[in-house]
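A.B. asks: Below you will find the structure I want to go over with you.
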Amino acid sequence: MVLSFFKRGESGLEHVAHQTISMLGDARHSFDLASTAVLAGADPAAVGADIRATDERINAAEQQLRSELVVHVAVQGGGDIGLVLGYTLLLKKIERIGDQAKNILDLAEEGISLAGADDVEMFIGRRQQISQMYVEAADILASQDADRARSFLAASRELNAECEAKVHEYMHSDRPGHWAVPRAILHRYWKRIVANLAGIVTAAIEPISSLDYLEGGAADIVD
Amino acid sequence: MSDRGPVQFESAARLLRFAVVLGLIYLFLAGVSSLEGGIKVMGADTQERLFSNVSHPIAGLFIGLLGTVLVQSSSASTSVIVGLVASGALGLEAAVPMIMGANLGTTVTNTLVSLGHVRQSNEFRRALSAATVHDFFNVMAVIVLLPFELATGLISRLATGTADLLVGSGGAEWESPLKALVKAPVSALKDGLKSAGFDGNALGVSMVAVGLVVVLVSLISITKNMKQLIAARLERSMNRVLGRGGGLVAIVVGILVTVAVQSSSITTSILIPMSAAGVITLRNAYPVTLGANVGTTITALLAAMAASGSDALSIALVHTWFNVIGILVLFGIPFLRPLPIRAAELLAEIAVRRRTFAFVWVLGMFIIVPLIGVAIFR
């Protein structure tokens, strides 16, 4: 272990970047599992253990990476302070996304299942769209591609507007509560996940001072 | 293709920096040699007047401490001591307490760094305890080992024995190959000063002054450049200490990092913000500082390579053995191990309640007590 001092390896921030991408992979895994429980009728007990273990892994990684960011500043000085603060926010957003997968699991554990419902195809399509956004966000973090980031942010705004519209639709639906409420809640959770993914991508390209704020200066409260 | 450019530029910059470090090490060795040469040029009377004050071990201890506080580098002060021993002006016996004092004085830097957290109680408690655990370990090592050394001469005998093993028992006549390499610039300096009209004590003092400046400047520059060169490795090592906890691994990391940057202050000062932020515990930071104590002795060993005779090597080895034995006793014996930690925690607790106490500690420990000690025992 000590001999690794003499070996070449990635720098502190490179390691944080790689781990962050790996955390996003874990968060996607939780999201997919939780969604399967709600949309495909998978046994919540069976997927729950995996989701909770993944969440613990995400939380442990967040703690470890926060420490590594402190070590980076202690060793390298304040030159990378903007990046370090950006990563701190970004890690928190990934941790929140992990929690939101647990929220979706909670729906399944409450006995909610949309498997076989008339509108399940729409839900499955949207789930796939969001699941793909995890991959896209990770790619953008790795490549720091500003054009892709802008396209991602535009798509996320569109998707969030659709989710918001759906929430309103369900709130004013004439259908019974046990039909409308789970659908509204699921769209609300999705909206928050997409907002956090957008926040992660924003952190990759925007200065730290503008993160979590909209263009006019108002706070972004969706996530 | 676009990625190769910056990578190649970075590699070239690293190579250049490494070459600069090699040049600086040469300059450092030349500085030590100039220091030794300057003392030798001075008359025996002058040498006697200069070093009669350190004949008492307590005075020697405090002079070593004050000298190190002044330059904020035990690497620099111990290298000067090596040069003085090599010149024959300072005996090995008198130099041993000075080396121990230098070990004490070097802890001032991270203690000063910890004072930067004085406004935040919790951060300050953690930062000050991480800094002063180094103070307390070194104070306790001196309390245990200085009387033991004065009574038995064990550390100096161990060091002399090791030096004999390394250079042979006819060590008084031993001349390091590096000494020959740095002869040219020192001779050029001496000739230059002579042609400028310097001779006798004036020539000696000038050579010593130039030597001191060169040693200090080159050491600072070596540290700065090496820190840049090994920053990524340093970061990875610190992360491993966080991941695996303290103990032997932390000691070895402390040694490696300090040998690489040639400064224990760099290693221990990095621990302060980490401790203040709570990412490393005092128990895990403590062994890193012990490793730093051992690692910093490499500079005096390097200086001994440019000095004459085996006594220079012996005093450098005294520094190493003192720290190794200190660790064996104070860290190796289980019931003694927590003592520096508890003392540091207690001091931090008091200082959090009365902030002025921290400043009193720094002034008292590093300036007032040593000055009084020198005044009494010289």
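A.B. asks: Picking from A:LEU13, A:PRO182, A:MET133, whose Cα lies most toward the positive end of the charge dipole for chain A (charges on Cβ: Lys, Arg +1; Asp, Glu -1)?
C.D. replies: Farthest towards the positive pole: A:LEU13.
A.B. asks: Quick one: dipole size for the protein assembly as shown, taken about the Cα centre, charges +1 on Lys/Arg Cβ and -1 on Asp/Glu Cβ, in debye to the nearest 20.
C.D. replies: 1640
A.B. asks: Per the Debye formula with a single identical scatterer at each Cα and no solvent contribution, what log10 I(q)/I(0) holds for the protein assembly as shown at q = 0.09, 0.10 Å⁻¹?
C.D. replies: -0.79, -0.90
A.B. asks: Something else about it: How would B:MET274, B:MET42, B:MET140, B:MET98 line up from fewest to most surrounding beta-carbon atoms within 10 angstrom?
C.D. replies: Details: B:MET274 26, B:MET42 22, B:MET140 17, B:MET98 29.
Listing B:MET274, B:MET42, B:MET140, B:MET98 from fewest to most nearby Cβ atoms yields B:MET140, B:MET42, B:MET274, B:MET98.
A.B. asks: Under 21 Å between alpha carbons, and skipping anything fewer than 8 positions from B:LYS190 in its own chain: which lysines qualify?
C.D. replies: Within the straight-line limit of under 21 Å, B:LYS190 reaches these lysines: B:LYS40, B:LYS179.
A.B. asks: State, as an integer percentage, the relative contact order of chain B based on alpha-carbon contacts under 8 Å between residues 6 or more apart.
C.D. replies: Details: 599 pairs, mean separation 118.6, N = 378.
Once normalised by length, the contact order is 31 percent.
A.B. asks: A follow-up question, please. Taking the number of other C-beta atoms within 10 Å as the exposure measure, put A:ARG126, B:ARG240 in order starting with the fewest.
C.D. replies: So the residues, fewest neighbours to most, are B:ARG240, A:ARG126.
A.B. asks: Could you work out the mean count of beta carbons from other protein chains within 10 Å of each residue's beta carbon in A:62-69?
C.D. replies: Rounded to a whole number, the mean comes out at 3.
A.B. asks: Just list whichever of B:LYS183/B:LYS224; A:LYS93/A:LYS191; A:LYS166/A:LYS191 have alpha carbons separated by over 19 Å in the model shown.
C.D. replies: With Cα atoms farther than 19 Å apart: B:LYS183/B:LYS224.
A.B. asks: Sticking with this structure for a sec: Under a 10 Å cutoff between Cα atoms, tell me which one of B:ALA232, B:ALA303, B:ALA285 has the largest fluctuation in the Gaussian network model of chain B.
C.D. replies: Comparing B:ALA232, B:ALA303, B:ALA285 in a Gaussian network model of chain B, the most mobile one is B:ALA232.
A.B. asks: Can I ask one more? Which residue fluctuates the most in chain B, going by a Gaussian network model with Cα springs under 10 Å, if the choices are B:GLY83, B:GLY31, B:GLY309?
C.D. replies: B:GLY309
A.B. asks: With springs only between Cα atoms under 10 Å apart, run a GNM on chain B and tell me which of B:SER75, B:SER263, B:SER195 wobbles the most.
C.D. replies: Comparing B:SER75, B:SER263, B:SER195 in the GNM, the peak value goes to B:SER195.
A.B. asks: Provide the three semi-axes, in whole Å and in decreasing order, of the ellipsoid equivalent to the stretch B:4-377 as defined by the square roots of 5 times the Cα gyration tensor eigenvalues.
C.D. replies: 34, 26, 19
A.B. asks: Rounded to whole Å, give me the distance from the Cα center of the stretch B:250-276 to that of the stretch B:52-102.
C.D. replies: First find each Cα centre; the distance between them is then 23 Å.
A.B. asks: Also: Could you work out the mean projected area of the convex hull around the alpha carbons of the stretch A:35-80, in square nanometres to one decimal? Can you show the working numbers first?
C.D. replies: On the way: hull surface 16.8 nm².
If you wrap the Cα atoms of the stretch A:35-80 in a convex hull and average its projections, you get 4.2 nm².
A.B. asks: Here is a further query. With no solvent and one point on each alpha carbon, what is the Debye value of log10 I(q)/I(0) for the stretch A:4-210 at q = 0.09 Å⁻¹?
C.D. replies: Results for the stretch A:4-210 at q = 0.09 Å⁻¹ read -0.38.
Since every read-out is calculated from the coordinates, none of them should be taken as a lab result. Everything numeric here is computed off the predicted structure, so don't read it as measured data. Counting neighbours? That spans all protein chains shown, and the Cβs are built from the backbone with ideal geometry, glycine included.
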